[in-house]
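A.B. asks: Got a structure here, written out as structure tokens. Questions coming.
Values in this text are rule-based calculations from the coordinates and carry no lab data. Everything quoted here is computed from the prediction, not taken from an experiment. Because the Cβ atoms are built from the backbone with ideal geometry, glycine has one as well, and the counts that use them run over all protein chains shown.
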Amino acid sequence: MSDLRENFKNKKRIVVKIGSSSINHPESGGMDFSRIELLVRQLCDIHNSGKDVVLVSSGAIAAGKYAIGYGRDRSISHELTLPQKQACAAIGQGRLMNIYEKFFTEYNQLPAQVLMTKDTVLNDGNRNNATNTFKALLDMGVIPIVNENDTIATNEIEIGDNDTLSAMVASMVGADLLILLSDIEGLYTDDPNRNPDAKFIKEVPKITEEYLEMGKDSTGTGMGTGGMSTKLNAARIATRSGADMVICSSKDLTILSRIIAGEDVGTAFAADKDDEFKLQEFVSEILK
């Protein structure tokens with residue numbers, strides 16, 4: 001076990017991101033209650049060990065699409081208009097939170113909903129307010145559940161992917177570990193779906209241009225929005241803010257407890273804190 005992995009046992013504030021494809025049935029688009037229940041149980045167990053936990057969860061639009069039949073009726077195109085996506089988010093966000101609330105309550109844990117847009121970070125007042133709200137929630141022992149506010153988000157104010165959003169949250173709450181649950185095992189030297197010779201990278205001590213070149217604007221599912229480039233941007237935000245980060249597969253959600261135990265899973269990025277790093281400036285640059 002490397003020193004980087006060994007130190008995961010001592011983390012105190014952890015942000016976990018999960019995507020739509022990891023909590024929905026690929027065949028129908030409906031929510032996978034078994035996987036959501038397992039995710040919640042893992043998070044509650046980590047929280048009960050004395051750590052602060054924040055969950056960044058996609059799934060509102062997918063839940064809304066399924067509720068009104070867009071997910072089930074294959075004759076309906078998945079390329080919805082912006083107003084249709086926003087309407088699906090309005091329908092689905094409540095349904096998604098209702099399911100989370102049910103499972104968290106079963107494990108005697110109180111969750112809270114936090115919805116954000118790009119302006120939450122770029123506007124000084126909004127950012128300070130959100131940071132203070134997160135602090136108050138964590139001080140109360142609550143697990144915040146964060147998502148982009150897709151109901152009002154437009155091209156001008158959207159973040160666009162929850163990899164970036166989760167890193168923004170990690171920076172704002174002063175997390176010391178960010179875990180990106182994904183449909184891939186971690187970082188490869190090239191896209192393993194296209195290049196059988198791509199090699200898996202276990203640890204990244206420092207993010208260099210060589211690693212950034214490995215990012216590809218691709219995603220393995222039709223449900224998600226983030227490719228490897230968004231995960232590397234997330235790593236840049238998290239590590240420069242002082243947090244370690246792990247990209248790992250969500251196939252087996254017990255991987256969360258294995259990461260906390262220091263097991264050699266996923267790709268681990270070492271924190272590389274930059275005291276000059278300004279979150280709002282970096283976000284403005286990558287999302288412009």
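A.B. asks: Out of the range 8-87, which trypsin sites (Lys or Arg not before Pro) are coil in DSSP terms and have no more than 10 other C-beta atoms within 10 Å?
C.D. replies: Here the sparse-neighbourhood loop sites are Arg74.
A.B. asks: What helices does the chain hold that run 15 Å or longer along their axis, going by alpha-carbon atoms, with a Kyte-Doolittle average of 0.0 or more, using DSSP H for the helix calls?
C.D. replies: Qualifying helices, which must be both long enough and hydrophobic enough, are 33-48, 162-173.
A.B. asks: Count the net charge of all other residues whose Cβ sits under 15 Å from the Cβ of Gly141, scoring Lys and Arg as +1 and Asp and Glu as -1.
C.D. replies: Neighbour charge sum, excluding Gly141 itself: +1.
A.B. asks: Dipole magnitude of the range 1-138 about its Cα centre, charges +1 at Lys/Arg Cβ and -1 at Asp/Glu Cβ only, in debye to the nearest 20?
C.D. replies: I would put it at about 200 debye.
A.B. asks: Right, something else. Based on the Cα atoms of the range 241-288, what semi-axes does the equivalent ellipsoid have, where each is the square root of 5 times one gyration tensor eigenvalue, given in whole Å with the largest first?
C.D. replies: 28, 14, 7
A.B. asks: Report the extension gain between Phe277 and Lys102 in nm, rounded to one decimal, defined as 0.36 nm multiplied by the number of residues separating them, less their alpha carbon distance.
C.D. replies: Extra length available between Phe277 and Lys102 comes to 59.1 nm.
A.B. asks: In the range 235-288, what GluC sites (Glu not before Pro) fall in a loop by DSSP, with at most 12 other Cβ atoms inside 10 Å?
C.D. replies: Hits after loop and neighbour filter: Glu276.
A.B. asks: Would you work out if the range 106-194 is rounded, prolate or oblate? Take a ≥ b ≥ c from the square roots of the eigenvalues of the alpha-carbon gyration tensor; rounded if a/c is under 1.5, else prolate when a/b is larger than b/c, oblate otherwise.
C.D. replies: Because a/c hits 1.5 or more and a/b fails to exceed b/c, the range 106-194 counts as oblate.
A.B. asks: Can you flag which of Lys102/Lys278; Lys85/Lys202; Lys65/Lys102; Lys85/Lys288 are past 31 Å Cα-Cα?
C.D. replies: Where the Cα-Cα span goes over 31 Å, the pairs concerned are Lys102/Lys278; Lys85/Lys202.
A.B. asks: Do the sum for the chain: with -39,500 (n - 2.57) for every DSSP H run of n ≥ 4, divided by all residues, what is the mean residue ellipticity at 222 nm, to the nearest 500 deg cm²/dmol?
C.D. replies: After summing the helix terms and dividing by the residues of the chain, the value is -12500 deg cm²/dmol.
A.B. asks: In whole Å, what are the extents of the range 1-143 along the principal axes defined by its C-alpha atoms, from largest to smallest?
C.D. replies: The principal-axis extents, from largest down, are 51, 38, 33 Å.
A.B. asks: How big is the antiparallel share of DSSP beta bridges in the chain, given as a percent to the nearest 5?
C.D. replies: Percentage antiparallel, nearest 5: 20.
A.B. asks: Would you please calculate the Kirkwood hydrodynamic radius of the chain over all C-alpha pairs and express it in Å, rounded to one decimal?
C.D. replies: 19.0 Å
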